[in-house]
Structure formats: structure tokens, C-alpha cells
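First up is the structure itself, then whatever we jot down about it.
Every number here is computed from the coordinates shown, using simple stated rules; none is lab data. Please read all numbers here as calculations on a predicted model, not as lab measurements. As a convention, Cβ positions derive from the backbone with ideal geometry for all residues, glycine included, and neighbour counts pool all protein chains shown.
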Amino acid sequence: MPRILITGAAGFLGSHLCDRFIKEGYDVVGMDNLITGDLKNIEHLFKLKEFEFYHHDVSKFVHVSGRLDYILHFASPASPIDYLKIPIQTLKVGSLGTHNCLGLAKDKKARILVASTSEVYGDPMVHPQKEDYWGNVNPVGPRGVYDEAKRFQEAITMAYHTYHGLETRIVRIFNTYGPRMRLNDGRVLPAFIGQALRGEDLTVFGDGSQTRSFCFVDDLVEGIYRLLLSDYAYPVNIGNPDEITIKEFGEEIIKLTGTKQKLIYKPLPKDDPKQRQPNIDLAKKLLGWEPKVSRAEGLKITYDYFKNLPPEELHKSAHRFD
Ligand code: UDP
């Protein structure tokens, strides 16, 4: 059986990746420091002999005994509220954490895939965003800690590829949603659904004309799985090009949840990207991949997940670092 290390295993994406690789017959080593991750996301895996878990901060030296064939580096805070609250950890996990994972991959002769992000494009001047666009990022703005850590991550990953001949993969992940997102992570989808379930108005930032393109988690996982097994070392966008304004998105959530509440408007956070849509031509060509789950289907599955959470989850403070 191939053996894979997944950092950020207790997080939203990490936990879905653990499930997928277990299903594919891999032995999975999960690693997480549980700052933003939650063991609840992977507790169903602890009984399996194919799964082991290290409670460890990947920004510190990483040791994993035995063979490793693959590494997926997914540890990182990933919502703007999280990385505003824990900026130093965000910078460290994208830089030092990536360096540690690359060193481990080199030592084990493992192939590594790192989780990059559409944030490397910043507030983009090119639309939709293609992999050869270099981005428009403010290094000293609130998002700089995440965006620049991820840009450094791509650079050091390419350096290990060209200098050490390491087998590397880089996925640029666009907005993704689905079960196991943290209700209080500040992202727009859990924010809106949480507000609807609590009977509060839905907070649209700015005038809601900014756009995002939301990908259901199962589609994303499929794209990552194919990219890992491909032989392409340069960045690949994985996301759903179905673009929508945040105002329309709020209206969809109101309809889906049947809430009597309305949209209310709050100031737009600094450096909030105006538009975002992946160009996925490369993923289509290279991986034969494209998203299959429509927003209507994906939102229904996600809403059912949030609706069935224990009520105390719903009323936890708006944010876990508050
Ligand atoms: N947003 C919003 N209301 C909220 C949370 C977010 O209108 O309660 C907006 C946010 O300003 C951004 C978009 O929704 O324009 C997506 O935000 P998110 O934090 O989910 O991710 P981003 O794509 O900005 O990293």
C-alpha cells in the first residue's frame, strides 16, 4: 500500500483528503496542530488500521518514521479572519512548514503536493485567472501574510524541484465549500448559513458586487487526486468557474434556508478581491478534470450538514479566537 502524509489532516480539506486516500487503499498519516483544525473531522478514522495521527506543528521539525511515498501539505489557516488573528502562524506554516515538508519529501524520496491558492493572484487585474498570471498582491496588507506565504511556498517548492529534482505538484485552490467547514471561520458560506440558522440577518460586505466562484469539496478532491498522480510540476488551478456576486450568493442562501431574514450591508474589508474566477483549461487538458457538482446540489448537501450540527455548535462565539 502506498503511504501518504497529509498535513492539516483535521481541517476542512485535509479531512476530506484523508477520507479519499483511505478509500483509494492508501495508508494515511494525518498531522495537525489543531489550531484551526478539529479532531471531530477525522474521529471516524481513528479506528482504522490504515490511519495514524500525529498531533504536531509542521512549522517545527517534522519526523515521520518509516516509508512515505507521498506528502500533501495542507496545513494552514485559510480564511481571512483566521489569518488576521494568527498572522505569524500563517506565515510560518506556509514558509517554514513548507520547507520542513520539502525536506521530509527529499529524505523519503516522496512526491509532494502543496496547497496553494487563488490568493496568489491577489486582487486580480486579469479575469478569469490563468496560471501564467503573476498576480496583484499587497504584501503589507491584511491578506499579505497568507498571500505572500503561499507565494513563497510556490517558489521554494519549484526550487526543490529544479535544484534537488524533487517530484513536486502545486495546486492553486479557488473558493471551496462543503461539509466540515467551520461554522465560525468567517468565510462567507458558513457565515451566511450560520446567520440564517440563528435567525440573524446575512452580512454582505461592501455592496456585494464582488464575485467569487465556489467549488464543491468533492470536485476539488478529485482534481487534487488527479494532479498528484500526474507528471506536471507547475501550478494548476482547481476550482469551479461558475462565478456569482456575493449579493446573489446571499439571496441563494436565503432561498435555500427559507429564512425570513434579509441581507444587511457592512464595510468591505481592506484588499478584498473584487472578482475571482478560475480559468481551468489547463486542468481540463492535463487531468481531464472539471467540476461536476452544481452549486444548487453542493449547497443543499452543505446546508444539511450545518443544519444537523448540535445546537451548541451553532451558538458558539462568532469566532474561535474571540
Ligand atoms: N463576505 C461577506 N460576508 C461575510 C463574509 C464574507 O460578504 O459574512 C464576503 C467577503 O468580503 C468576500 C467574499 O464574501 O468578498 C468571500 O469571502 P471569504 O472570506 O469566504 O473568502 P475570500 O474569497 O475573500 O478569501
note = Going through Lys108/Lys300; Lys106/Lys130; Lys40/Lys300; Lys49/Lys255; Lys130/Lys262 one by one, the pairs whose alpha carbons sit over 32 Å apart turn out to be Lys108/Lys300; Lys49/Lys255; Lys130/Lys262
ask   = Arranged from highest to lowest average of other beta-carbon atoms within 10 Å per residue, in what order do the peptides 225-236, 206-217 appear?
value = 206-217, 225-236
note = Of the candidates Thr117, Leu5, Thr302, the farthest towards the positive dipole end of the chain (Lys/Arg Cβ +1, Asp/Glu Cβ -1, centred on the Cα centre) is Leu5
query = So what's the gap between the Cα centers of the stretch 244-265 and the stretch 34-98, to the nearest angstrom?
reply = 33 Å
inquiry  = Quick check: residue separation of Trp134 and Gln275 times 0.36 nm, minus the Cα distance between them. What number comes out in nm?
reply    = 49.2 nm
task = With only alpha-carbon atoms counted, please give the Rg and Dmax of the chain, in Å.
result = 18.7, 58
message = Please report the antiparallel percentage of the DSSP beta bridges confined to the chain, to the nearest 5.
response = 10 percent
query = Which aspartates and glutamates have a Cα lying under 19 Å from the Cα of Lys23, excluding residues fewer than 8 positions away in the same chain?
reply = Glu43, Glu50, Glu52, Asp69, Asp218, Asp219, Glu222
query = Which whole-number percentage describes the relative contact order of the chain, with Cα contacts under 8 Å and a sequence gap of 6 or more?
reply = 17 percent
message = Explain nothing, just the number: dipole magnitude of the chain about its Cα centre with +1 on each Lys and Arg Cβ and -1 on each Asp and Glu Cβ, in debye rounded to the nearest 20.
response = 240 debye
